[in-house]
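A.B. asks: Once you've had a glance at the structure underneath, I'll fire off some questions.
The values are calculated or read from the model by the stated rules, or taken from the named source; none is laboratory data. Nothing here was measured: the structure is a model prediction, and the numbers come from that model. So basically every Cβ, Gly included, is an ideal-geometry build from the backbone, and we count neighbours across all protein chains shown. Areas reflect the complete protein model, heavy atoms only, side chains present, ligands, DNA and RNA absent. Shrake-Rupley method; radii C 1.70, N 1.55, O 1.52, S 1.80 Å.
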Amino acid sequence: MTEANAAPVTGHSPNGLAAVEAEIVRACKDARRDRASVTLIAVSKTFAAAAIIPVIGAGQRVFGENRVQEAKGKWPELTAAYPDIALHLIGPLQSNKAKEAVALFDAIHSVDRPSICQALAKEIESQNKHPQLFVQINTGEEPQKAGIAPGEADAFLASCRDTYGLTISGLMCIPPVDEPPAAHFALTAKIAARNGLQNLSMGMSADYTTAIMLGATHVRVGSAIFGHR
């Protein structure tokens with residue numbers, strides 16, 4: 001991504017971050033949860049380094065990107081300057097990008113098919129690097145959306161472990177845009193609980209407080225921090 005086609009710098013990013021942080025604190029209090037139990041992932045997709053640096057300066061250290069190629073173009077220089085940053089891949093992963101993804105990301109939220117499992121297992125062993133892995137659940141069973149159908153989740157999680165030797169940290173979901181998200185968050189939490197998984201990547205700018213009430217451990221917030229793209 002070049003500076004010419006990058007989204008403009010918002011200028012209000014740190015203020016956005018502070019507002020989101022206050023909402024997370026409030027939601028955790030309402031849910032009687034420790035604030036430390038929720039990881040805020042600042043979704044920086046389409047934004048250039050100039051827009052990201054103020055958010056880093058305001059204290060944010062966990063960021064999310066949708067595409068391996070975009071992240072590869074802007075994050076190595078940033079992580080060299082700020083080595084305590086954790087980078088999460090929250091968008092779809094192609095098998096032929098698994099090598100780069102394992103090298104670049106600390107967490108991958110979109111494990112959703114056997115070919116990805118096979119590619120990740122190969123690269124994890126080859127690179128001796130172990131990113132946190134989340135299986136994506138397609139809770140609305142939307143044909144245009146990636147993810148495992150809820151009814152197939154238990155078998156897929158077992159195959160991740162038994163066939164591919166992967167350690168799955170948790171589940172991720174993106175509810176249908178035209179449905180209330182709470183039922184989808186609750187379903188994802190139920191699947192995680194019965195499979196002994198502790199982490200839930202749920203909730204974006206419009207619904208992250210609801211997700212926290214229903215057990216989210218990772219919330220993926222972009223526009224509320226960086227502004228609209």
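A.B. asks: Only four residue types carry charge here, +1 at the Cβ of Lys and Arg and -1 at the Cβ of Asp and Glu. Report the dipole size of the stretch 36-79 about the Cα centre in Debye, rounded to the nearest 20.
C.D. replies: Values: 5 positive and 3 negative charges, 11 e Å.
The calculated dipole for the stretch 36-79 is roughly 60 debye.
A.B. asks: What size of dipole, in debye to the nearest 20, comes out for the chain about its Cα centre when the only charges are +1 on Lys and Arg C-beta atoms and -1 on Asp and Glu C-beta atoms?
C.D. replies: Values: 21 positive and 22 negative charges, 54 e Å.
That gives the chain a dipole magnitude of about 260 debye.
A.B. asks: So, with a 1.4 angstrom probe, what is the percent of accessible area on the chain that is carbon and sulfur? Before the final figure, lay out each step's value.
C.D. replies: Numbers: 5660 of 10680 Å².
The computed percentage sits at 53.
A.B. asks: Assign unit charges at the C-beta atoms only (+1 for Lys and Arg, -1 for Asp and Glu), then state the dipole size of the stretch 94-203 relative to its Cα centre in Debye, rounded to the nearest 20. Don't jump to the answer; show the numbers that get you there.
C.D. replies: Values: 9 positive and 12 negative charges, 56 e Å.
Roughly 260 debye, rounded to the nearest 20.
A.B. asks: Let's test the formula: R0 of 45 Å, r as the Cβ-Cβ distance of residue 127 and residue 25. What FRET efficiency results, to the nearest 0.05? List each step's numbers first, then the result.
C.D. replies: Values: r = 37 Å, r/R0 = 0.82.
Taking R0 as 45 Å, the efficiency between residue 127 and residue 25 is 0.75.
A.B. asks: Shifting gears a bit: Specify the residue with the greatest mean-square fluctuation among 155, 211, 192, computed from a Gaussian network of the chain linking alpha-carbon atoms under 10 Å apart.
C.D. replies: 155
A.B. asks: Rolling a 1.4 Å sphere over the protein heavy atoms, what is the accessible area per residue of the stretch 143-229, to the nearest Å²? Walk me through the intermediate numbers first.
C.D. replies: Working: 3930 Å² over 87 residues.
Result: 45 Å² of accessible area for each residue.
A.B. asks: For the pairs 29/72; 72/190; 45/122; 74/122, flag any whose C-alpha to C-alpha distance is greater than 32 Å. Please list the in-between numbers first.
C.D. replies: Working: 29/72 37 Å; 72/190 35 Å; 45/122 27 Å; 74/122 26 Å.
Too far apart for the 32 Å limit: 29/72; 72/190.
A.B. asks: Continuing with this model, one more query. Using DSSP to define loop residues, name the trypsin sites (Lys or Arg not before Pro) in the stretch 30-61 whose beta-carbon has at most 10 other beta-carbon atoms within 10 Å. All intermediate terms of the calculation are to be shown ahead of the outcome.
C.D. replies: Values: sites: 32, 33, 35, 45, 61; in loops: 32, 33, 45, 61.
The qualifying sites are 32.
A.B. asks: State the Cα centre-to-centre distance between the stretch 158-229 and the stretch 19-84 in whole Å.
C.D. replies: 17
A.B. asks: Shifting gears a bit: Could you check which residue among 188, 79, 209 shows the biggest mean-square fluctuation in a GNM of the chain with a 10 Å Cα cutoff?
C.D. replies: Maximum among the listed residues: 79.
A.B. asks: Let me ask another. Within the stretch 152-214, report the trypsin sites (Lys or Arg not before Pro) that DSSP leaves as loop and that have at most 11 other Cβ atoms within 10 Å.
C.D. replies: Working: sites: 161, 190, 194; in loops: none.
Loop-located and lightly packed - none at all.
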